[in-house]
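The values are calculated or read from the model by the stated rules, or taken from the named source; none is laboratory data. All values derive from a computational prediction rather than experimental measurement. Cβ coordinates were reconstructed from backbone atoms using ideal geometry, including for glycine residues, and neighbour counts include every protein chain displayed.
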Amino acid sequence: MSIFDALHSLGHEQIAFCRDDAAGYHAIIAIHSTRLGPAIGGTRLWRYDSEDAALVDALRLSRGMTYKNALAGLPFGGGKAILVDDGTSPSREALFRAHGRFVERFGGAYVTAEDVGTSPADMAFVRMETSHVGGLADGGGDPSPWTARGVFRGIQAAARVRWGADELAGRTVALQGCGNVGYHLAKELARAGAALVVADVDRERAERVGRELGARVVAAEEILATQADVLAPCALGAILDDVSIPLLRVEVIAGAANNQLLEGRHGEMLAARGVLYAPDYVVNAGGVLSGGFDLLGWTTDEVARRVEAIYDTTLEVFDVAHAKGISPAAAADRLAEHRLAER
Ligand code: NAI
């Protein structure tokens, strides 16, 4: 891939390739947009098959953050840091302090936080070198309950569009992934009277939801083909593709996992099959909204108000999709682009 072609095609402002051999630090920091404010987005530490794969992740995830923040009404742009886990770092402290020094060079144009493969303890090392970091243990706390609440509100909005009412009592939800978000979402759904079918590759996590909330536990390979009203993907991305979509036996999909569609065209494929898809970055914005505690000084009430409003945003996305005859995924992108263009 030509770097400038990649920047152009996805609309990025800047990509930095960063290296500190003594710290075993090899990173890509992608700033997609600062149009609405500083680019915020987490730091992912991952083992990649190739440098291209790491770059593609940085580009896609940072762009995703721009759209998510715009649609969530946050005064932030989108960015992402990818730390390539090549096993050369002598310690977490060395690695994340090196990261902090590079983040500092952006002078606040990029603000980082924890993400897949990183923790609040790692962010504390980043903090030793820069103030442009959130997601610390003494900050707003675990974002997962907020993310789960937002997903729940998104499911309610989808229920309203699909079945004419928010009511989830008597509906069955198939939940893929019973981790931080999945567990909290299961609780919200059980409280609302929904029946649960759950799966996790870590069987004990699913069993726990079975024991505590009366969920039926199925094997991880079965969950996508389970008959239910709603599928809530809360595990991995890229699960909706040419193979899985024909197997689906649900009317609504709404969950926390990022980048659920393997490709954009899978949004159209779902619509063509009559499955109502609530775009992932619209309904999983609760986590990024809870960053408002640290970054914007919001109170709990303010965060809660905005997370509840994910219901309205999801309805707006479905309205635009209906009015324009496009998929909800395309409608969400259009609304986000509209907000970006307003500036
Ligand atoms: P987590 O790591 O706590 O939970 C994910 C769970 O999925 C784990 O229990 C894992 O064993 C399970 N899993 C992995 N592969 C699976 C498979 N093939 N089938 C069934 N289960 C599988 O992660 P967390 O924090 O709950 O996040 C879930 C998803 O939501 C991730 O994709 C994450 O990127 C996304 N997300 C999370 C946010 C948050 O606030 N934690 C915010 C926005 C998005």
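Of the listed requirements (1) in a loop (DSSP other than H, G, I, E, B); (2) in contact (Cβ under 8 Å) with a residue 60 or more places away in the chain, Phe102 misses just one: (1). Any residue in segment 303-326 that is more than 16 Å from Ala157 (Cα to Cα) and within 16 Å of the ligand (Cβ to nearest atom)? There is at least one residue in segment 303-326 that is more than 16 Å from Ala157 (Cα to Cα) and within 16 Å of the ligand (Cβ to nearest atom). A single member of Ala22, Ala27 is within 15 Å of Phe102 (Cβ to Cβ), in a strand (DSSP E or B) and of a type in the set (A, V, I, L, M, F, W, C), and it is Ala27.
For Leu61, the conditions (1) in contact with a helix residue (DSSP H, G or I) (Cβ under 8 Å, 6 or more places away or on another chain); (2) assigned to a helix (DSSP H, G or I); (3) surrounded by 16 or more Cβ atoms within 10 Å (Cβ to Cβ) all hold with the exception of (1). Note on segment 72-106: among residues that are surrounded by fewer than 24 Cβ atoms within 10 Å (Cβ to Cβ) and among the hydrophobic types (A, V, I, L, M, F, W, C), the one that is farthest from Phe17 (Cα to Cα) is Leu74.
The residues listed here are Ala232, Ala228; of these, the one that is closer than 22 Å to Arg153 by Cα, modelled with pLDDT of 95 or more and in contact with a helix residue (DSSP H, G or I) (Cβ under 8 Å, 6 or more places away or on another chain) is Ala232.
Applying the set (1) more than 18 Å from the chain's Cα centre (by Cα); (2) closer than 25 Å to Leu168 by Cβ to Asp294 leaves exactly one unmet item: (2).
For segment 143-188, the set of residues classified as in contact with a strand residue (DSSP E or B) (Cβ under 8 Å, 6 or more places away or on another chain) and on the phi > 0 side of the Ramachandran plot consists of Gly170, Gly177, listed by residue number. Taking first residues from segment 198-209 that are over 14 Å from Val173 (Cβ atoms) and partners that are surrounded by fewer than 24 Cβ atoms within 10 Å (Cβ to Cβ) and of a type outside the set (Lys, Arg), the Cβ contacts under 7 Å between residues at least 6 apart in sequence or on separate chains come to Asp200/Ala220; Val201/Ala220; Arg205/Gly179; Glu207/Val217. With respect to Ala81, determine if the residue is among the hydrophobic types (A, V, I, L, M, F, W, C) and not in a helix (DSSP H, G or I). Yes; evaluated as a whole, the condition is true for this residue. Of the residues making up segment 15-46, those that are touching a residue at least 40 places away in the same chain (Cβ under 8 Å) and more than 21 Å from Pro143 (Cβ to Cβ) number 18. Tallying residues that are under 22 Å from Pro38 (Cα atoms) and small (Gly, Ala, Ser) within segment 138-176 yields 3. From the list Gly177, Gly237, the lone residue that is closer than 24 Å to Gly264 by Cα and surrounded by 24 or more Cβ atoms within 10 Å (Cβ to Cβ) is Gly177. When you scan segment 261-284, do you find a residue that is in contact with a strand residue (DSSP E or B) (Cβ under 7 Å, 6 or more places away or on another chain) and near the ligand (Cβ under 10 Å from one of its atoms), even just one? For segment 261-284, residues in contact with a strand residue (DSSP E or B) (Cβ under 7 Å, 6 or more places away or on another chain) and near the ligand (Cβ under 10 Å from one of its atoms): absent.
What are the residues in segment 318-343 that are surrounded by fewer than 17 Cβ atoms within 10 Å (Cβ to Cβ) and of a type in the set (Gly, Ala, Ser), if any? Those that are surrounded by fewer than 17 Cβ atoms within 10 Å (Cβ to Cβ) and of a type in the set (Gly, Ala, Ser): Ala323, Gly325, Ala341.
Results for (1) touching a helix residue (DSSP H, G or I) at 6+ places or on another chain (Cβ under 8 Å); (2) of a type in the set (Lys, Arg); (3) buried (at least 21 other Cβ atoms within 10 Å of the Cβ), shown as yes or no for each residue.
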| residue | (1), (2), (3) |
| --- | --- |
| Pro120 | no, no, no |
| Pro145 | yes, no, no |
| Val151 | yes, no, yes |
| Ala157 | yes, no, yes |
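Just wondering, is there one or more residues in segment 274-295 that are surrounded by fewer than 18 Cβ atoms within 10 Å (Cβ to Cβ) and among the hydrophobic types (A, V, I, L, M, F, W, C)? No, because not a single residue in segment 274-295 is surrounded by fewer than 18 Cβ atoms within 10 Å (Cβ to Cβ) and among the hydrophobic types (A, V, I, L, M, F, W, C).
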